[in-house]
Every structure is written in C-alpha cells, then in structure tokens.
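Here's the structure we're looking at; comments come further down.
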Amino acid sequence: MSERKILLIIGGGVAAYKALELIRELSRRGVRSRVILTKAGAEFITPLSAASLSGDKCYTELFDLTSEAEMGHIELSRSADLVVVAPATADLMAKTANGFANDLASTTLLATDKPVMFAPAMNVRMWNHPATQRNLKTLADDGALIVGPEKGDMACGEFGYGRMAEPAAIADAVEAYFMRETEGPLKGKHVLITAGPTHEAMDPVRYIANRSSGKQGYALAEALRNLGADVTLVTGPTNLPDPAFIKTVRVETAREMLAASETALPADCAIFCAAVSDYRPSTETNQKIKKERGGLTSIEVTENPDILKAISQMSEGRPRLVIGFAAETQDVVCYAEAKRKRKGCDWIVANDVSPGDNVVSGGVMGGDRNAVILITENGEEAWPDMPKTEVARRLAERIAKTLGGPHLVKAAE
Ligand code: CTP
C-alpha cells in the first residue's frame, strides 16, 4: 500500500497538546501528518514541536510568500488523502460550515477536494449552543466525518460533552477511513448489530435495565467495519461513543430496538448482541410513583418482543446469516443449542456468566474479556478466554468466510 498521508489542522484550544500525541500515534500506525497550525493554536503549542514530531515543515500563515512559493495553499489542501481538524474549535467549525476563508486553515478547508474529519473540542455550553449544533449539522450534511467529542471533566472546570476524543480514538477513526478505502472481504455487505441494554420505563425517573456495557457489540461492529462491511449498530443506552464509519442508531426500549432493526433491513447478516429486557412494566405513568400513595409494592410486567426470534423467522427478506448471543449460568451448550433451534437463528455465541470456576466469571458483563462457545449447525467450538476485541475479530473473520461462501440455511418454517 502506498504511504498514507493526512493534513492535520490544529486549532486553538487546550486540546492542541493532544494533537501532538495524535501525530505520534498516527506515525506509529504508518500514517504521515503534515501540519497547519492556526494562529490561536500557536498560543498553545509551538510550530517547532509540530514540525519535530511530523518530520515536516509546520505551515502557519496564508501570506507566507516562501511557503506559497514552495507549496501553495491549494496544493497543500490536496497533498494529503484526508484532512483532519483536531482540535476543531467552535470557530473553525463555524468558518468551515459557512465557507469563510480568511486564514491558511480556513482557506485550505475551503479549497480541499479531500474528505475532512473534525474532532471537536470546546466548552460544554459552546458545544450545546444552537449555533454550534447548526454548524455541526451543516458540516455533516456536507459530508464531513465527525469524531467525538467525549463527555468528561474539562480544563475550564466544567463537566459534559465537549472534550476532544482521545488521540488513539481519532487515530482509530483515521485508520478506519483508510481501511474502508481498501477492498475488504465484506465490502458491499450490510451487517445489522444490536448492542447494549434496554431501558424499560416505569415512570419518568425509574426503569428496568441490566448490566450490559455494549462493549462486545461495539467491538464486533468495528471488527466487521474493518473488513469492509457497511454496519448499522442499533444500540441501547451505553457510555460508549458512536464508532467511526458505523451508522449508529440509539434507542431505549426493546420495542424501539425491534423497530430500528426492522428499518435497518435488508441486511446480509444480523447479529443480536443486545441484552434485551425480556419484560417491561405493563404501565408507564407520566408522574413519578410516590411512596405515600401506596408506592411500588410490586411491578406488573408484560413480555417484550423477541427481536432475534422475529428476524430469524422472517418469511421474506431474512438476512442470510442470523447470529444470537446467549448468556447462560448452567449447561451452557445444551441450553444455547436449544435456544438456537427455538429462535431459528443460524449461530449462537454462548458464554458462561455464572460466578464460579470460569476464568472470566462474573466479569463478562461490563468487563473486557470473554470466553465463548460458538454453536452452529455443525456443532460447537469452545474458544479460549480472550479480550472482547479479539472475540470480535475472530467472529468477524468467520462471518466473512461464511458470507463469501455458498448460500446458507433459509428461514425456519
Ligand atoms: N434477544 C432479543 N430480544 C429479546 C430477548 C433476547 O433479540 N426480547 C436476543 C439477544 O440479543 C440474544 C439472545 O436473544 O441474542 C438471548 O436470548 P435470551 O434472552 O437469553 O433468551 P431467552 O429466550 O429469553 O432465554 P432465557 O432468558 O430463558 O435464557
């Protein structure tokens, strides 16, 4: 593969120091950065640091005649495969969204014919301001890629959305962009994945939920994307950011998850990783349930739709490969195989979530590791304990192999 190059525009925010780490992280991954540092950015870091880390000249001014003679801003804007703006300040986003061109960074952003990725970083109030949200929408509508921001403590002492995504996460998004440009075995295939828990409301403040973190489903979505698939991730409430280049649909309840999954079809493969609540409170009141009025002595529940079963048993338009997950505490294989047949899916990925002798016991939900047993129509296969990202990678490869092969089982009668 030829050398991958980005043009990194560093805006004026405290997070500018993290852009230096981004240059290093990208270079470790074989991606070269050429840097434009805005005037405000140069208040936070020096052109010399950026030049030393990138191994190239750091560009700072539009009317620098020497630079224009060496490389004009038009050529600069086209010299890379991707333009990354990090930190993308509210000002830089506003300028780009409105086509302003009064310095090197904004002129380059207007002149480029390459995709642009923004990693926003600003105070939470600035981020939430309708003007910034409007600009964000304009940029996204114009085709810009957005990474972050994340929620957390800010340098200004406030808390909320606005913190720039970590350099590793931006580098992941850059790598994912380049991976999508190359031919992967799942290129042209659409995969639907459900992930995370569901929240089933009782009243405006209380809900039934579970401990699912969404990590396994998100890791799987990323692994499939890395093999070239178009991925739709339908997720319940999680603390994880939307993964880059994955269509992420956020829902709360099982019924919303079913509707969003059906809307996402057709798909070549559907994977049901979500820990869907089997039940929801039969009634949801608009007012908070009060102790004085008898309060909550019992909760009457109604069964939720089974999304895996509904899609496995579709008579028309069923995805070629439907995969379910099964968390069991005893007779794992036996119960999981019975579940595969009962629901009508092709594969079940089973794991033991009982506290006890399993290496990862008790830690699967919310943890980073998993030991699974893959159950297909051809039997069972126990995989050793490994990180969830590795389970995802292996599973994605199996899926790619299977979807590349002859047609599979049809819908259950
Ligand atoms: N699932 C689903 N919709 C539901 C319940 C489960 O899509 N309403 C999916 C999960 O995403 C997962 C699999 O079904 O892929 C897990 O099934 P599980 O809830 O364990 O199966 P049950 O039939 O409810 O069996 P049990 O609770 O008795 O183990």
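The values are calculated or read from the model by the stated rules, or taken from the named source; none is laboratory data. Predicted model only: the values in this text are computed from it and were never measured. Note: ideal-geometry Cβ built from the backbone for every residue, glycine included; neighbour counts use all protein chains shown. Note: areas computed on protein heavy atoms with side chains; ligands, DNA, RNA excluded. Shrake-Rupley method; radii C 1.70, N 1.55, O 1.52, S 1.80 Å.
Here are a few things to note about the model shown:
- For the chain, the longest principal axis of the alpha carbon atoms and the long axis of helix 254-264 meet at an angle near 60°.
- Here the dipole of the chain is about 340 debye; that uses its Cα centre as origin and unit charges on the Cβ of Lys and Arg (positive) and Asp and Glu (negative).
- At full extension, residue 315 and residue 28 could sit 98.4 nm farther apart than now, given 0.36 nm per residue minus the alpha carbon distance.
- Accessible area in square angstrom per residue, the range 4-179, 1.4 angstrom probe: 44 Å²
- GNM top mover of 15, 140, 270 - the chain, alpha-carbon springs below 10 Å: 140
- Accessible-area composition of the chain, carbon plus sulfur, in percent [1.4 Å probe]: 50 percent
- Fraction of the pair-distance distribution of the range 247-295 above 17 Å, Cα-Cα pairs, percent: 51 percent
- Here the range 40-147 has an Rg and Dmax of 14.2, 42 Å, counting Cα atoms alone.
- In Å², nearest 10: area of residue 81 left accessible to a 1.4 Å probe: 60 Å²
- Cα-centred dipole magnitude for the range 184-403, charges only on beta-carbon of K, R (+1) and D, E (-1), debye, nearest 20: 420 debye
- Solvent-accessible surface ranking, highest first, for 190, 129 at 1.4 angstrom: 129, 190
- Pairs from the list 95/189; 187/388; 5/57; 114/401 with a Cα-Cα gap above 25 Å: 95/189; 114/401.
- Within the assembled protein chains, the solvent-accessible surface assigned to residue 307 is about 10 Å², based on a 1.4 Å probe.
- Value at 222 nm in deg cm²/dmol, rounded to 500, when DSSP H runs of n ≥ 4 in the chain each add -39,500 (n - 2.57): -10000 deg cm²/dmol
- You can think of it this way: the chain between residue 178 and residue 52 has 42.9 nm of extra reach, that is 0.36 nm per residue less the Cα-Cα gap.
- Taking all protein chains as shown and a probe of 1.4 angstrom, residue 139 keeps an accessible surface of around 10 Å².
- Dipole magnitude of the range 4-179, debye to nearest 20 (Cβ charges: Lys/Arg +1, Asp/Glu -1, about Cα centre): 260 debye
- Computed over the range 1-47, relative contact order equals 53 percent, with contacts defined as Cα pairs under 8 Å that lie 6+ residues apart.
- Once the Cα gyration tensor of the range 184-403 is diagonalised, semi-axes √(5λ) in Å: 29, 20, 17
- The calculated Kirkwood hydrodynamic radius for the chain is 23.5 Å, given to one decimal from all distinct C-alpha pairs.
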